[in-house]
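Participant: I am attaching a structure below and will ask some questions about it afterwards.
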Amino acid sequence: MKKIIALLLACMMVIGLVACGGSTTEPTSAPAENNNANAEAPAEVQDITLKVWGPQEDQADENSFLQVACGKFAEAHPEYNITWVFEVCAEGDAGTMVTKDPSAAADVYMYANDQLGALIQANAIAKLGGDALAQVQADNSEHMVSTVSTDGSVYGVPYAINTWFMYYDKSVYTEEDIKSLDAMMAKKPVAFEVTNTWYLPAFYYAVGGTMFGDGTDGSQGVQFGGEQGAAATLYVAEALASGNMIEGGGGAGMDALRNGTVGAIFSGTWDAANVAEALGENYAAAQLPCVTINGEECQLKSFAGSKAFGVNPNSANMKAAYALAAWLGSAEMQDLHYEIRNGEVVPCALSLLSGDEYSTNPAAVAQEATFSNTSVLQPSIPEMNTYWGNADSMGKALANGEIDASNAADMTEKWNAGLNGTGL
């Protein structure tokens, strides 16, 4: 009996060892249907249409910036099956075209920051938040962020500085000469677009003039008059009359630079290739010089702004539109934009500007120096519409030789009244 019990116990131990040994083997695959049940379901692909507006130069063909950059966006976002619609709207026209019918305008559009007031007033541009806002703040200087901001909110993803500076022939002017416009004109005439309403305020800002206070208070109007304003007007009139300055609009300045009539012109990065071709090894660029008016040295100041991607708050696909604007304005796409446009669109992302590609580019360096040192933030409030509508009268009168010491003060006061809405 004892032997029988012992045998039974031995059998039970063998069975137990086999069971324990089984627990150390590789687990058996679950049935296929169980795997499918536990796996994540593939993400649903959403069919959407995104309309993008920008200048002709950025969408001319499949190799243009918008087509290439948007194609890369689609590859990076397989959750969308995107139908693209590209239409032409220059950055400077966004305030007019987008506000005509915001509900029918682009989901994402390119705009110059002076259009911001009109876009906000028409509820045609959305505030940034979340990742897009964090990107803008991380990529840009505070000064750049301010160009697309108002009342504590940010509206748009900047992709380029928008200002003008000085190109010059370094065989004519020394590094010391280019600090003073008077010193430069004493050596060789310069070309300046006096009739261009984006350029002419530089002389009035130099003598202490203001536009809408700090640029944000429409009630303060334009203050380009008074004794100092008249002195600025007379300075330009006498420079033109002497031949030390020529009107550079309509391509006249570039032609004069090519034929050696002038030693410097004032323009932006869009003219870099033409200037480089005209000057060859003597090609150089710099921030704006000072001028001496009424015996005082004062700094010329250009309008400073930005070009940015805005999001239409009326978009049917807001999440995708925000993501696209951030993508198009990212440092990577700014670099691509610069490459495709052959250096005409210089980035504003700080990480790029410090790199060799840009720090060795005379136009890029001059643009950044001007933006940071010799410029004022271009007002973007709706009252600027009054300025643009009345500003060209003074430039035309100066270019036509209609102003001299006898009438500079009177013409300046009439012009300043026009800038504030009464006309000249």
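The values are calculated or read from the model by the stated rules, or taken from the named source; none is laboratory data. Source: prediction; values computed, not measured. Don't worry about glycine lacking a Cβ; one is built from the backbone with ideal geometry, like all the others, and counts go over all protein chains shown.
Participant: In segment 262-302, how many residues are in contact with a helix residue (DSSP H, G or I) (Cβ under 8 Å, 6 or more places away or on another chain) and farther than 18 Å from Ala202 by Cβ?
Facilitator: 8
Participant: Additional query: Checking Tyr109 against (1) in a helix (DSSP H, G or I); (2) crowded, with 20+ Cβ neighbours inside 10 Å; (3) of a type in the set (Ser, Thr, Tyr): exactly one of these is not met. Which one?
Facilitator: That leaves (1) as the condition not met.
One line per residue, one yes/no per condition, for (1) over 30 Å from Lys414 (Cβ atoms); (2) in contact with a Ser or Thr (Cβ under 9 Å, 6 or more places away or on another chain):
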| residue | (1), (2) |
| --- | --- |
| Thr292 | no, yes |
| Pro313 | yes, no |
| Asn342 | yes, no |
| Ser359 | yes, no |
| Ala369 | yes, no |
| Asn385 | no, no |
| Asp392 | no, yes |
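Participant: Still on this model: Taking the residues in segment 141-160 that are at pLDDT below 95 and in a strand (DSSP E or B) as candidates, determine which candidate is farthest from Ile265 (Cα to Cα).
Facilitator: Thr150
Participant: Sticking with this one: Checking the structure you have, find out if any residue of segment 173-182 is farther than 15 Å from Ala349 by Cα, outside any loop (DSSP other than H, G, I, E, B), touching a Pro at 6+ places or on another chain (Cβ under 8 Å) and not aliphatic (A, V, I, L, M).
Facilitator: Within segment 173-182, one or more residues are farther than 15 Å from Ala349 by Cα, outside any loop (DSSP other than H, G, I, E, B), touching a Pro at 6+ places or on another chain (Cβ under 8 Å) and not aliphatic (A, V, I, L, M).
Participant: Just checking, which of Met166, Met184 is over 24 Å from Gly389 (Cα atoms) and within 26 Å of the chain's Cα centre (by Cα)?
Facilitator: Only one candidate passes the filter, namely Met166.
Participant: Quick check: is even one residue across segment 207-228 modelled with pLDDT of 95 or more, in a helix (DSSP H, G or I), at negative phi and among the small types (Gly, Ala, Ser)?
Facilitator: No: zero hits.
Participant: Also, I was wondering about something else. Based on this model, can you work out whether Ala94 counts as within 16 Å of the chain's Cα centre (by Cα), in the same structural domain as Leu328 (by TED's automatic domain parsing) and part of a helix (DSSP H, G or I)?
Facilitator: yes
Participant: Consider only pairs whose beta carbons are under 9 Å apart and that are at least six residues apart or on different chains; among these, list those whose first residue lies in segment 152-175 and is free of Cβ contacts under 8 Å to residues at least 60 places away in the same chain and whose second residue is in a strand (DSSP E or B).
Facilitator: Close Cβ pairs satisfying both conditions: Glu175/Ala286.
Participant: Among the residues in segment 151-162, are any surrounded by fewer than 19 Cβ atoms within 10 Å (Cβ to Cβ), assigned by TED's automatic domain parsing to the domain that holds Tyr109 and touching a Phe, Trp or Tyr at 6+ places or on another chain (Cβ under 9 Å)?
Facilitator: no
Participant: Are there any helices (runs of 4 or more DSSP H) wholly within segment 287-365 with 3 or more residues that are of a type in the set (Asp, Glu), and if so which?
Facilitator: The qualifying helices (runs of 4 or more DSSP H) are 331-340.
Participant: For segment 267-293, enumerate the residues that are at pLDDT 95 or above, of a type in the set (Phe, Trp, Tyr) and under 15 Å from Trp164 (Cα atoms).
Facilitator: The answer is none; no residue qualifies.
Participant: Give segment 92-125 a look and list any residue that's within 17 Å of Leu328 (Cβ to Cβ) and of a type in the set (Gly, Ala, Ser), or say none.
Facilitator: Ala94, Ala105, Ala106, Ala112
Participant: A follow-up question, please. Could you give me the residue pairs with C-beta distances under 8 Å whose first residue belongs to segment 83-101 and is within 10 Å of Pro55 (Cβ to Cβ), whose second residue is basic (Lys, Arg) and surrounded by 17 or more Cβ atoms within 10 Å (Cβ to Cβ) wherever it lies, and which are 6+ apart or on separate chains?
Facilitator: Matching pairs, first to second residue: Glu91/Lys307.
Participant: When the residues of segment 345-373 are narrowed to those that are among the β-branched types (Val, Ile, Thr) and in contact (Cβ under 8 Å) with a residue 24 or more places away in the chain, which ends up nearest to Gly54 (Cα to Cα)?
Facilitator: Val345
Residue-wise test of (1) in contact with a Phe, Trp or Tyr (Cβ under 9 Å, 6 or more places away or on another chain); (2) surrounded by fewer than 22 Cβ atoms within 10 Å (Cβ to Cβ); (3) of a type outside the set (D, E, K, R).
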{"site": "Met166", "(1), (2), (3)": "yes, no, yes"}
{"site": "Val190", "(1), (2), (3)": "yes, no, yes"}
{"site": "Thr210", "(1), (2), (3)": "yes, yes, yes"}
{"site": "Ser242", "(1), (2), (3)": "no, yes, yes"}
{"site": "Gly250", "(1), (2), (3)": "no, yes, yes"}
{"site": "Asp255", "(1), (2), (3)": "no, yes, no"}
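Participant: Oh, and also: Scan segment 394-419 for residues that are more than 21 Å from Trp164 (Cα to Cα), part of a helix (DSSP H, G or I) and among the small types (Gly, Ala, Ser) and jot them down.
Facilitator: Listed by number, the residues that qualify are Ala397, Ala408, Ala409, Ala417, Gly418.
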